[in-house]
Amino acid sequence: MKRSITGRHFELTEAIKNYAHSAVDAVEKYNLDITSANTVISKSEKKGFSVEFIINLKDKNTIVITQNDKDVYAAIDLAIERVKKALRRHADKIKGHRIMSFKDLGMEAEAVSELDVEETEIVPMDLELHKPMDFDEAIEALKNEKKRQFIVFNDHEGIMRVMYKRADGKFGLY
């Protein structure tokens with residue numbers, strides 16, 4: 001990660017540089033492939049000090065945080081906490097990305113909320129019962145089923161597809 005610390009309208013001391021450098025080190029724990037971190041500390045006569053962190057991520061996202069305070073150290077602390085919060089949200093967004101939701105499966109679809117490992121029993125099934133189906137067999141099987149919400153089958157080209165019941169009585173196809 002490339003780092004730069006710049007002072008505008010005042011001279012940076014070695015202590016302020018080290019403090020800002022250690023603050024930037026704290027954001028590496030999120031493992032987000034940060035390419036560069038720029039810190040701009042400026043002094044204004046009305047607002048005191050302004051600290052701006054510009055964090056560039058690998059996937060072309062940029063996080064810019066600006067914080068004003070009368071004390072430069074307090075401004076750095078407040079700004080770095082805001083940077084950590086933004087990076088944590090970004091990391092959660094990446095990890096929490098869902099491909100599909102149960103809304104797509106219809107109103108009667110249920111998710112397993114809690115699974116008790118001690119009471120979980122695995123029941124082997126006969127594979128003869130689950131022979132590959134074609135499109136028409138899958139529709140008929142779903143019409144006859146009351147509890148099952150979806151069926152996996154192979155289409156005419158041999159690609160595995162999923163057919164499911166929708167809340168409006170129609171069938172959906174993935």
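The requirement of being out of contact with any Ser or Thr (no Cβ under 7 Å at 6 or more places or on another chain), at pLDDT 55 or above and assigned to a loop (DSSP other than H, G, I, E, B) is fulfilled somewhere in the range 82-97, by at least one residue. Can you pull out every residue in the range 8-24 that is within 19 Å of GLY48 (Cα to Cα) and either of a type in the set (Gly, Ala, Ser) or not assigned by TED's automatic domain parsing to the domain that holds GLN67 (or both)? Passing the criteria: ALA15, ALA20. Evaluated against (1) surrounded by 10 or more Cβ atoms within 10 Å (Cβ to Cβ); (2) modelled with pLDDT under 75; (3) farther than 20 Å from TYR164 by Cβ, VAL64 falls short on exactly one condition, (2). A count restricted to the range 41-65 and to residues that are under 18 Å from LEU12 (Cα atoms) and touching a Phe, Trp or Tyr at 6+ places or on another chain (Cβ under 8 Å) stands at 3. Residue pairs whose Cβ atoms lie under 9 Å apart, separated by 6 or more positions or on different chains, with the first residue in the range 13-25 and more than 19 Å from LYS43 (Cβ to Cβ) and of a type in the set (A, V, I, L, M) and the second modelled with pLDDT of 90 or more and buried (at least 16 other Cβ atoms within 10 Å of the Cβ), are VAL24/ILE5; VAL24/ALA37; VAL24/THR39; VAL24/PHE53; VAL24/ILE55; VAL24/ILE80; VAL24/VAL83.
The values are calculated or read from the model by the stated rules, or taken from the named source; none is laboratory data. Computed from a predicted structure; not experimentally measured. With ideal geometry, Cβ positions are generated from the backbone for all residues, glycine too; neighbour counts draw on all protein chains shown.
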